[in-house]
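Heads up: the structure comes next, in structure tokens.
Read-outs throughout are calculated quantities, based only on the coordinates presented, and are distinct from any laboratory measurement. Just so it is clear, the model here is predicted, and its values are computed rather than measured. Counting neighbours? That spans all protein chains shown, and the Cβs are built from the backbone with ideal geometry, glycine included.
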Amino acid sequence: MARFLLVHGSCHGAWCWRDLVPALQALGHEARAIDLPAHGEDRTPATEVTLDAYAGAILAAIEEPVTLVGHSAAGYPITLAAARAPEKIARLVYLCAYVPAPGLSMIEMRRAGPRQPLKGAVSADPDGVTYLVDPDRAPVAFYNDCPEEAVAYAVPRLCPEPILPQATPLPPKTRPEVESHYIVCANDRTIPPDYQRQMSAAFPPGHVTELASGHSPFFSIPDELAGRLSDIAGGISGLSGAARAG
């Protein structure tokens, strides 16, 4: 049995793990998801949100060591949380997520990618505090291979994303000394899969696997994702990405 803490990406909330939590529980694991500040049911004003606050919220939610799963933009706060309190983290799992590069913010990393799939799909509010995804573009960008019911559930729940945390690089020499894994989503239309492979190239052999999924495998293939996470937590992650691809 493993304990999982699930951390959402941009504009999402704990709600996006709706199907994965019970899938993990069905495999005998403990699983819970949290809302980062200013997301989901958390009412923190966007003007007060920082990357530090994200990491603090993650650590505050952990009582016993967990397998910490970060989706997409959550690669940054899970990395910072693990660097600050490695004793709370059994392992990190980057799910089609940004792996922080020294000196670069997440926004800078996105712009450095080989392609810009979200160009024209997001727009900043006039105050420059948050940005929002165009709901007409979200189904293609985030949920291209998800059931219609899941898309209808998700799109109205997307929230404004605070810009400051994503414009903040990690402090110098932030390198968590914990076991780390990466799950590439091979059909991702938000973060190019080749960029995911580039970001995870330095991970140890057997710690990078692939799923034949778009950007939201928690909706498109929750049972397969749960199985992959269960394997990782159980130490059964040594197969090659090609062998493990869906």
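General observations
- Label-to-label distance, nm, for residues given as GLU87 and VAL155 (7 Å Cα→Cβ offset): 4.8
- Think of it as helices only: each DSSP H run of n ≥ 4 in the chain is worth -39500 (n - 2.57), and spread over all residues that comes to -7500 deg cm²/dmol at 222 nm.
- Cα-projected label distance for VAL140 with GLN116, points at 7 Å along beta-carbon direction, nm: 1.7
- Here the Kirkwood formula, the inverse mean of 1/r across different C-alpha pairs, assigns the range 146-246 a hydrodynamic radius of 15.5 Å.
- Treating r as the C-beta distance of MET1 and GLU148 and R0 as 45 Å, the FRET efficiency rounds to 0.85.
- Mean projected area of the Cα convex hull of the range 1-106, taken over all directions, amounts to 6.6 nm².
- Answer label for Rg and Dmax of the Cα atoms in Å (calculated), chosen among (i) 17.3, 52; (ii) 20.0, 65; (iii) 16.3, 48: (iii)
- When peptides 125-136, 56-67 are ranked by their average number of other Cβ atoms within 10 Å per residue, the highest-first order is 56-67, 125-136.
- Volume in Å³ per residue [convex hull over Cα atoms, computed for the range 78-199]: 131
- Nonlocal amide H pairs with ALA31, under 5 Å, H built at 1.01 Å: PHE4
- Using θ = phi - 60° in the Karplus curve 6.51 cos²θ - 1.76 cosθ + 1.60, the 3J(HN,Hα) couplings for the range 73-87 round to 5, 5, x, 6, x, 5, 5, 5, 4, 5, 5, 7, 9, x, 5 Hz; x is entered for Gly and Pro.
- 3J(HN,Hα) from dihedral phi, the range 174-190, Karplus parametrisation 6.51/-1.76/1.60, rounded to Hz, x for glycine, proline: 7, 9, x, 8, 9, 4, 10, 9, 9, 10, 7, 9, 6, 10, 5, 10, 10
- For the chain, CYS11, CYS16, CYS146, CYS159 stand unpaired, since no other cysteine beta carbon lies under 4.7 Å from theirs.
- Sparse-neighbour loop sites [trypsin sites (Lys or Arg not before Pro); the range 59-136; at most 13 other C-beta within 10 Å; DSSP]: ARG115, LYS119
- Cβ-placed point charges (K, R +1; D, E -1), dipole of the chain about Cα centre in debye, nearest 20: 620
- Between ARG197 and GLU48, residue separation times 0.36 nm minus the direct Cα-Cα distance comes to 50.3 nm.
- Restricting the GluC sites (Glu not before Pro) of the range 111-220 to loop positions (DSSP other than H, G, I, E, B) with no more than 11 neighbouring Cβ atoms within 10 Å leaves GLU177.
- Order by protection proxy (mean Cβ within 10 Å, highest first), peptides 14-22, 47-55: 14-22, 47-55
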